[in-house]
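The values are calculated or read from the model by the stated rules, or taken from the named source; none is laboratory data. These numbers come from a predicted model, not from an experiment. We place every Cβ from the backbone using ideal geometry, glycine too, and count neighbours over all the protein chains shown. Surface areas here come from the heavy atoms of the whole protein model, side chains and all, with no ligands, DNA or RNA. Shrake-Rupley method; radii C 1.70, N 1.55, O 1.52, S 1.80 Å.
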Amino acid sequence: MEKSIEEINTRIRDGNARVVSAEEMPDIVAELGEEEALREVDVVTTGTFGAMCSTGAFLNFGHADPPIRMERVWLNDVEAYSGLAAVDAYMGAASESTTQGNAYGGAHVIEDFVSGRPVEVRAISKGTDCYPRRTVTTTLLLEDLNDAVMVNPRNSFQCYDAATNMTERVIHTYMGMLLPHTGNVSFSGAGALSPLANDPAYRVIGSGVPIFLGGTQGMVVGQGTQSSPATGFANLMTTGNLKEMSPEFLRAATFTGYGVTMYVGVGVPIPVVDLDVVRSTAVRDEEIMTNIVDYGTPHRERPAIARVSYADLKSGKVEIDGEEVRTSSLSSYRKAREIAETIRTWVEAGSMELSLPTRRFNAAKRTRPMRETKVVPRVREIMDTKVVAVAEDEPIRTAAAKLLKGETNHLPVLNGEGQLVGIVTTYDVTKAVGSTRELTVVRDIMTRKVVRTTPEEAVDVAAQKLERHNISALPVVDPAHRVIGMLSAIDLGKLLGGRWQL
Amino acid sequence: MKLQVSFSRKKVSEPIIARVVRDTGVLINVERARIEPSEGKVLIDVPDESVKLVCEKMRALGATVEVLEHAVMHDEEECVDCGACISVCPQEVFSFDEEWALTLDQGRCVLCGRCVQACPHGALTVEK
């Protein structure tokens, strides 16, 4: 048996549609069986509410007099992309304030607009014959804009890796704050309530399908950027009228040490047209699996250290290597439920009808990594291979002499086997001279915890280490802990490629 | 019950807590301490029935004592019930109720402030 979308819409119009949430569906299918569930249920509602950096809105400001071609635009000091026509800009959620940094960003501008607060708009231009004006400053409400159209390149991931941190320090990521030594696990997504978890093959979710977006009815534009359904990481490109949205379902956020993002509410009503839909919407948290990966690894391929289900993650703890680790979510399950419920009321009230995709997505699509034609420089390429070292049992005087003669400020200290056991700087020697304690050999004054790098480490990672520890040189060690070079801030400076200078 | 004890410049070097423990026999658990040249602030945990006695004794010794009732300020308007605070809290102050709404067990807080950093929505603040 199959059910046509017309049949479902007729029931919606007549007020007879049976609408259930994706949370309820598994039990209904278990109780009634698939055939009966197909007959009984018309629409399954889904929802998710989480951080979606890939969010933003096209804004049309209307023309000033004399008119200006707005070449660069700032809204409350957050720059919007304005390489478009004269009075349009795209305000990306993750864009940060020129004056307030990550305390305020594009997401906050969007939230201010939908909350009815005034936003200061500034723009500059070189001035043309048709658009002579060079600057404009005005304060606008959302209602003053001709158009404010949210277009989000990738929202509502099917599933997301859970994150932990195996390093020795707290790290700040887009997965939130991760404690050292696998101290916690954070995860994102609503599990069995997530839209794409209920249609992983993209059978009924596709272009043109009506959705809940930010509190209003929007639609799916197409397959999201970086969507990778073949690996279980599909997502959606979505759109909706910002003017109709609500701050209840669009909330600006800042992840400390990472940046600005926007919490967006997305929900998709799924028409129950055939048995395949019945089966895919009967999915439970226990069946949706994801990896816990180590975000402490500064590489694209982060090692997966455990495989768990959303049921495990939602339980509040998981087991990693025999240890219980606490888990918590970054996305709101409560809000996800609220979204699924709102869709239910819309459908039941006949104010939301469903449609099948006007264009189906490619379920075999798979994301590829960037093809890099110029490889990142490695430490090996810029390190200084002339290493002046000192043995731990040598007198401090020897270290002092080497520091002077070697024209270096960092002296790696080696043990009898030639392995790195410490580091001594001119500061340590000076301190020793001024000390009242009996200090004779290098071992007495060296710093034992040495921040180090390896020849294959990316220069950017090494640069971060220098910055984080507020130091100016790193010994470069081989796997046997022998020092094969030194990397100093000066070597890094020579590169000048660490970051483009603005 | 948690008490926030503050003492001034002069009192910083005096063993106020030790004296209260000795004189009252109440076992005090020090959960957090910040001693600076000009002032000291200590967060202590005291059995509920001994709060009055400990407060009186502390005050007699020149300290200011406040019962810490709302250690964490939770702005329910800002909070979206995501739960980012839950796993970073060493004291398990935060949890979800059966409706997936965030709930707080204020009495467990030791004012470490980690939740404040972890909250993406700026919905949490702790007493300084």
Before we move on, is A:Leu354 over 25 Å from A:Arg251 (Cβ atoms) and open to solvent by less than 40 Å² (accessible area, probe 1.4 Å)?
yes
Listed by range, strands (runs of 3 or more DSSP E) wholly within segment B:1-105 having at least 2 residues that are away from chain A (no Cβ under 14 Å) are B:2-7, B:29-35, B:40-45, B:64-67, B:72-74
Are any residues in segment A:464-491 crowded, with 18+ Cβ neighbours inside 10 Å, at pLDDT 90 or above and of a type in the set (Gly, Ala, Ser), and if so, which ones?
A:Ala473, A:Gly485
Among the residues of segment A:30-53, write down those that are open to solvent by 10 Å² or more (accessible area, probe 1.4 Å), in contact (Cβ under 8 Å) with a residue 24 or more places away in the chain and more than 14 Å from chain B (Cβ to nearest Cβ).
A:Ala30, A:Glu34, A:Glu35, A:Arg39
Of all residues in segment B:51-77 being in contact with a helix residue (DSSP H, G or I) (Cβ under 7 Å, 6 or more places away or on another chain) and open to solvent by less than 50 Å² (accessible area, probe 1.4 Å), the one that is farthest from B:Cys119 (Cα to Cα):
B:Leu61
What are the residues in segment A:102-124 that are over 25 Å from A:Glu244 (Cα atoms) and either open to solvent by less than 30 Å² (accessible area, probe 1.4 Å) or in contact with a His (Cβ under 8 Å, 6 or more places away or on another chain) (or both), if any?
A:Ala123
Quick one: is A:Arg279 within 11 Å of chain B (Cβ to nearest Cβ), more than 30 Å from A:Asn146 (Cβ to Cβ) and open to solvent by 10 Å² or more (accessible area, probe 1.4 Å)?
no
Quick one: count up the residues across segment A:313-324 that are surrounded by fewer than 18 Cβ atoms within 10 Å (Cβ to Cβ) and either more than 14 Å from chain B (Cβ to nearest Cβ) or of a type outside the set (Gly, Ala, Ser) (or both).
7
Restricting to segment A:301-312, name every residue that is in a strand (DSSP E or B) and of a type in the set (A, V, I, L, M).
A:Ala304, A:Ile305, A:Ala306, A:Val308
Hey, any hits in segment A:421-429 for a residue that's loosely packed, with under 14 Cβ neighbours inside 10 Å and either touching a helix residue (DSSP H, G or I) at 6+ places or on another chain (Cβ under 8 Å) or of a type in the set (S, T, N, Q) (or both)?
no
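Residues are listed down the side, and each one gets a yes or a no for (1) touching a strand residue (DSSP E or B) at 6+ places or on another chain (Cβ under 7 Å); (2) open to solvent by 20 Å² or more (accessible area, probe 1.4 Å); (3) under 26 Å from A:Phe255 (Cβ atoms); (4) touching a residue at least 24 places away in the same chain (Cβ under 8 Å):
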residue: B:Ser13; (1), (2), (3), (4): no, yes, no, no
residue: B:Asn29; (1), (2), (3), (4): yes, yes, no, no
residue: B:Ser38; (1), (2), (3), (4): no, yes, no, yes
residue: B:Cys79; (1), (2), (3), (4): yes, yes, yes, yes
residue: B:Gly83; (1), (2), (3), (4): yes, no, yes, no
residue: B:Val93; (1), (2), (3), (4): yes, no, yes, no
residue: B:Ala101; (1), (2), (3), (4): no, no, yes, no
Can you tell me which residue in segment A:214-250 is farthest from the other protein chains (Cβ to nearest Cβ), limited to those that are buried (at least 24 other Cβ atoms within 10 Å of the Cβ) and in contact with a helix residue (DSSP H, G or I) (Cβ under 6 Å, 6 or more places away or on another chain)?
A:Ala234
Residue pairs meeting the criteria (Cβ under 6 Å; at least 6 apart or on separate chains; first within 17 Å of A:Glu79 (Cβ to Cβ), in segment A:128-147; second part of a loop (DSSP other than H, G, I, E, B))
A:Val136/A:Ala64; A:Val136/A:Ile68
The strands (runs of 3 or more DSSP E) lying entirely within segment A:194-265 that contain at least 2 residues which are over 17 Å from A:Glu111 (Cα atoms) and modelled with pLDDT of 95 or more are A:210-213, A:216-223, A:236-241
Give the residue that is farthest from the other protein chains (Cβ to nearest Cβ), with candidates limited to residues of segment A:178-188 that are open to solvent by 20 Å² or more (accessible area, probe 1.4 Å) and touching a residue at least 40 places away in the same chain (Cβ under 8 Å).
A:Thr182
Residue satisfying all of: in segment A:142-164; charged (D, E, K, R) and out of contact with any Gly (no Cβ under 6 Å at 6 or more places or on another chain); least open to solvent (accessible area, probe 1.4 Å) among these:
A:Asp161
What pairs come out if I take residues in segment A:449-472 that are closer than 11 Å to A:Pro298 by Cα and pair them with residues that are open to solvent by less than 60 Å² (accessible area, probe 1.4 Å) and assigned to a helix (DSSP H, G or I) whose C-beta lies under 6 Å away, six or more apart or interchain?
A:Glu457/A:Val379; A:Ala462/A:Val379
When you go through A:Thr167, A:Thr135, A:Thr128, A:Thr139 one by one, which is the residue that is under 24 Å from the mean Cα position of the chain (by Cα) and surrounded by fewer than 17 Cβ atoms within 10 Å (Cβ to Cβ)?
A:Thr167
Screening A:Ala432, A:Ala400, A:Ala389 for residues that are aliphatic (A, V, I, L, M), on the phi < 0 side of the Ramachandran plot and touching a residue at least 60 places away in the same chain (Cβ under 8 Å) leaves only A:Ala389
Just to be sure before I move on: is A:Val442 within 30 Å of A:Val170 (Cα to Cα) and either open to solvent by 60 Å² or more (accessible area, probe 1.4 Å) or among the hydrophobic types (A, V, I, L, M, F, W, C) (or both) in the structure I sent?
no
Specify which of the listed residues (A:Glu348, A:Glu381, A:Glu372) is away from every other protein chain (no Cβ under 14 Å), open to solvent by 70 Å² or more (accessible area, probe 1.4 Å) and within 25 Å of the chain's Cα centre (by Cα).
A:Glu372
Does A:Ala399 satisfy being of a type in the set (Gly, Ala, Ser) and within 14 Å of another protein chain (Cβ to nearest Cβ)?
no
Being at pLDDT 95 or above and either of a type in the set (D, E, K, R) or under 30 Å from A:Gly101 (Cβ atoms) (or both) narrows it down to one of A:Glu2, A:Glu36, so name that one.
A:Glu36
Does any residue in segment A:325-337 that is more than 7 Å from chain B (Cβ to nearest Cβ) and within 13 Å of A:Gly50 (Cβ to Cβ) come within less than 6 Å, Cβ to Cβ, of a residue that is among the β-branched types (Val, Ile, Thr) and outside any loop (DSSP other than H, G, I, E, B) six or more places away or on a different chain, and which pairs are these?
A:Ala336/A:Thr48
